[in-house]
Structure formats: structure tokens, C-alpha cells
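Before any comments, here is the structure.
The values are calculated or read from the model by the stated rules, or taken from the named source; none is laboratory data. No experiment lies behind these values; they were computed from the predicted model shown. Here the Cβ positions follow ideal geometry from the backbone for every residue, glycine too, while neighbour counts run over all protein chains shown. All accessible areas refer to the heavy atoms of the entire protein, side chains included, with ligands and DNA or RNA removed. Shrake-Rupley method; radii C 1.70, N 1.55, O 1.52, S 1.80 Å.
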Amino acid sequence: MRRLFIAFIAVVYSLLSQASQESERKEALQWLSELPEHGIDVQPKHWQLIGNTPTKDQIREVVNLYTWYMDAGILNRHYYQPGWTIKDVATTPTYSGLTPPLDRISPDIPEYKHLIKALKQLRNWKRNAYSLFPNDFILFDGDSHSSIKLLNQWLENLDLADDLPDDVYTQVHKDVLTEVQLRFKLVPDGRLGNMTRQALLSITNERIRTVKANMERLRWLPRTLPYPRVWVDIAGYTTRYQRNPKDSTTHKIIIGVPHKQSPILQSEIEKITINPTWKVPHSIAKSLLKKEKQNPGFFLREKFKVYKSWDDNSPEIAPDSVNWKAVTPKSFTYRLEQQPGELNRLGQFKLGFKNSFGVYLHDTDKPELFEKERRAFSSGCIRVHHVKALVETIAKEQGLASELKAALNGNYSDTLELKKKIPVYTVYFTAWPDKNGRVRFRDDIYQLDNALISEF
């Protein structure tokens with residue numbers, strides 16, 4: 001009798017264990033099926049493993065792997081984004097059950113949700129374009145058709161057009177599609193035919209990879225970011241002072257040229273210099289030597305002090321005491337410092353933060369460059385449009401308004417030490433939502449997408 005009871009208990013335990021394992025397997029399958037919404041594709045071998053009869057340990061191993069991917073990223077950021085120096089400490093969220101809620105491990109940054117939405121929209125076009133715009137469907141100038149509104153949505157989701165007419169196929173539509181046709185070396189007739197549809201599908205696939213790559217970049221950042229913060233959007237040519245999730249001010253910026261890129265980094269703004277002195281880097285000093293040779297007296301007119309060497313204690317010498325025509329870039333051993341004033345390349349303000357690249361945020365003596373659409377003109381530092389307004393805001397919030405006013409009344413260089421350091425992030429995103437939440441696609445000005453996109 002005792003043996004029968006023990007056997008019965010064993011059978012019951014086995015059935016309960018199998019039921020529990022089956023429940024965990026279904027939970028894992030459901031959880032994995034939601035990952036593609038976040039730009040993470042589950043590997044076939046993992047689908048196959050969980051789809052069969054995995055052990056509890058195998059289920060947990062797969063879930064832990066993709067939990068890591070959601071939190072810290074799939075790819076090695078240092079390999080796929082050389083120069084990335086922003087630190088991200090992967091965290092293990094506390095939760096009950098087998099699978100962590102995805103909103104607890106995905107980036108807690110408002111823009112991330114807009115990227116999820118954009119990815120869904122693009123996948124819908126990829127899946128439905130053949131049925132919505134079949135091979136025999138062609139639009140001509142002046143045509144009215146219900147599909148025109150759908151075409152407008154597709155072109156807008158691809159960031160190829162804005163505010164297109166909904167009721168009729170116009171010259172505006174033709175112009176947009178002609179550009180697409182020229183890009184793919186098609187007959188540039190501006191009509192929507194099957195070949196042009198194929199071209200739009202190709203762009204759709206490209207956009208999908210770009211969105212997924214930029215979602216990966218977001219996973220490389222800390223899951224949550226502090227407020228207030230300064231967010232320098234390199235590829236978007238803007239910087240944003242973010243006081244809280246709903247309160248921010250945006251400024252145009254000028255970034256580094258492709259061969260002197262503005263770096264991706266994380267630091268803290270510690271001080272603001274009013275009427276700064278520009279200590280010219282050696283690489284730039286050589287280019288200034290060329291200007292002195294071409295226009296003798298350039299150093300004097302531009303108010304540069306010249307020091308005999310790069311030693312901090314080296315003596316100052318008169319610019320006109322040197323035979324600059326005889327100096328070559330290789331023999332140029334002098335240190336240059338441009339004095340404060342209207343001609344100073346840094347302008348009136350410099351926001352300093354520690355970093356190994358020697359870059360900072362600053363004003364400019366050439367504000368007209370902010371009118372350009374593409375603004376990669378600097379040697380790596382970030383020039384900020386209307387930087388005075390940003391400085392005044394920071395000074396006011398930190399109780400330094402009177403000190404700033406006193407410094408501005410003087411013609412000398414002065415430094416305000418911030419009472420509370422402000423986190424600053426200089427980042428690079430080629431797909432990013434605008435203020436209305438619509439994802440815009442930017443030029444990959446530094447060619448940093450190539451390797452990353454190839455993995456998606």
C-alpha cells in the first residue's frame with residue numbers, strides 16, 4: 001500500500017512539473033514573440049529550442065540572453081561604433097515570474113517609443129505594398145484615387161515628403177517619385193508603377209535597418225538619463241537643454257567636419273567661461289600659420305599672443321619678431337592664444353567639461369554659418385547658436401545670474417563654477433523623432449552606420 005502511495009505521489013509530481021514547464025514554455029514563447037517590436041530578431045535556433053520540449057534551465061538561459069540584449073544591446077558598441085565612450089552599466093531588474101516586463105528593461109527614453117512605432121509602420125508597408133499597389137496600378141498626373149492617401153502616408157513614413165495633397169496625384173508627387181527613380185536609375189517619369197514601387201520597397205528595407213540600428217544605439221546608453229541634461233545631437237545639428245521630460249529648449253549647432261569628427265561622449269558641464277581665451281590646438285595652429293604667410297600681420301590683427309613653445313611657462317614673444325615665411329608646419333613649435341573679443345573664435349562663451357578629446361561647447365565669431373542646412377564646419381568642438389540664452393538659463397537656475405551679469409559688464413575673461421554639474425551627452429542618431437514624434441532620417445555624415453546596419 002505504501003509503495004502504491006509513493007508511486008501515486010511521484011506521478012502527480014511529474015504531471016504538475018510538466019504542466020509548470022509547459023506554462024513556462026508558453027510564457028517564454030509569448031515574450032520572445034514581442035521582441036521584434038523592439039528591433040530584436042530571435043535566432044531560429046532559439047525558436048526551435050523553446051518550441052520543442054526545453055528544460056527549465058534552457059528556457060531561463062534563453063530568456064536571460066535576450067534580457068541582456070534588451071538592456072545592453074546585441075552588438076559590441078566599441079566594435080560597431082568606434083569612439084563610443086558613453087558608459088552603460090547593465091542592470092538586472094527585479095521582477096516576479098520567468099520573463100521580465102519589456103518596459104522594465106527597454107530604454108526609458110521618450111524617443112524610443114516613437115522608434116518602435118516607426119518600425120511597425122515600415123514593416124506594414126513592406127508586408128502590404130504589393131496588395132495596396134499591385135503591378136497593374138499606375139498613377140498619372142491629375143488622377144484621383146483612394147490609394148493616393150495611402151501613398152502619401154508611405155512617402156511620409158519614409159521621410160521622403162511632407163504635406164502631400166490627399167485627393168489627386170499632382171506634380172509634387174511626381175517630383176518626389178522622380179527623385180526616387182533617379183536614385184535607382186529608372187526612367188524618371190514621376191509615375192507610380194511596379195518598378196517605382198520596388199524602389200520604394202528597397203528604401204523601406206533600408207529605413208527598417210536604420211531604425212533598428214538606432215534602437216540599438218539607444219540600448220547602449222544608460223536605461224534612464226538624468227535631468228536636467230544637455231543633449232548634443234550630432235547628426236541632427238542641434239543641442240537640447242532638457243530640464244524635464246516635457247520642458248526643453250533647442251539650439252542649432254555646428255559640428256566637426258568628417259575628418260575632425262565631434263566625438264560621442266558623456267561628461268558633466270562644470271563651468272562657464274565668459275570672454276574666453278582660445279588656446280589653439282597644435283593641429284589648428286598649423287593652418288593658422290598658412291594664413292599668416294598669406295596675409296602678413298594676421299596674428300597681430302586677430303589678437304593672437306605667441307609663445308615660444310608649448311611649455312606652459314614659455315615666454316611670450318612679439319608676433320612680428322618671427323620670420324613666419326621661413327617657418328614650416330614641421331618646424332612650427334610656437335603656441336598661440338587668441339585673446340577675448342569680437343574676433344575670438346570661441347565667441348563670448350565656453351561651456352567646459354572634462355573629456356579626453358579636448359572639445360567643449362562654445363559661441364562663435366561666425367553666426368551666419370547657422371543659416372546653413374548642413375553645418376559640419378568645426379574642428380570637433382560644438383558651436384551653439386544663441387548660446388547666451390542657454391548660459392543665462394543655466395546661470396538663473398543655479399543662482400548665478402548676478403555673477404553672470406557682473407562678468408558680462410567687464411571686458412575681461414571670467415569663469416563661473418557651476419554649483420551643480422550638468423550631465424552632457426554628445427550622441428549620434430541617424431533616425432530620430434522630431435518634436436511631433438515623427439521619425440526623421442538624417443544623413444550619415446560621419447559614415448558610422450555602415451557596419452552597424454549590416455547586422456540588421
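Tabulated results
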| item | result |
| --- | --- |
| Furthest towards positive pole of dipole, 306, 262, 84, structure part the chain, Cβ charges | 306 |
| Charge dipole (debye, nearest 20) of the stretch 288-344; +1 at Cβ of Lys and Arg, -1 at Cβ of Asp and Glu | 320 debye |
| Structure-based [θ]222 nm, the chain - -39500 (n - 2.57) summed over DSSP H runs of at least 4, per residue, nearest 500 | -12500 deg cm²/dmol |
| Relative packing of 437-448, 279-290, which averages over residues the other C-beta atoms within 10 Å, highest first | 437-448, 279-290 |
| Within the stretch 51-88, trypsin sites (Lys or Arg not before Pro) in DSSP loop having at most 15 other beta-carbon neighbours inside 10 Å | 87 |
| Apportionment of accessible area to carbon and sulfur, the stretch 223-288, percent (1.4 Å) | 50 percent |
| Listed residue pairs exceeding 18 Å between alpha carbons, taken from 252/366; 271/421; 87/252; 286/330; 113/212; 271/405 | 87/252 |
| Relative packing of 301-308, 130-137, which averages over residues the other C-beta atoms within 10 Å, highest first | 301-308, 130-137 |
| Taking the C-alpha atoms of the stretch 345-456, convex hull volume expressed per residue in Å³ | 161 Å³ |
| Relative packing of peptides 205-212, 339-346 - highest average C-beta neighbours within 10 Å first | 205-212, 339-346 |
| Answer label for Cα Rg over 2.2 N^0.38 Å (calculated), chosen among (1) 1.02; (2) 1.29; (3) 1.34 | (2) |
| Kirkwood hydrodynamic radius (C-alpha pairs) into Stokes-Einstein, the stretch 300-369, 25 °C and 0.890 mPa s, D in µm²/s | 173 µm²/s |
| Cα gyration tensor shape of the stretch 179-337, rounded if a/c is under 1.5, else prolate or oblate by comparing a/b with b/c | oblate |
| Magnitude of the charge dipole, the chain, Cβ model with Lys/Arg +1 and Asp/Glu -1, debye to 20 | 1040 debye |
| Relative contact order [Cα under 8 Å, 6+ residues apart], the stretch 157-286, whole percent | 10 percent |
| Exposure ranking of 246, 26 by accessible area [1.4 Å probe, largest first] | 246, 26 |
| Rounded to 5, percent antiparallel among DSSP beta bridges of the chain | 85 percent |
| Volume per residue of the C-alpha convex hull in the stretch 100-230, rounded to whole Å³ | 139 Å³ |
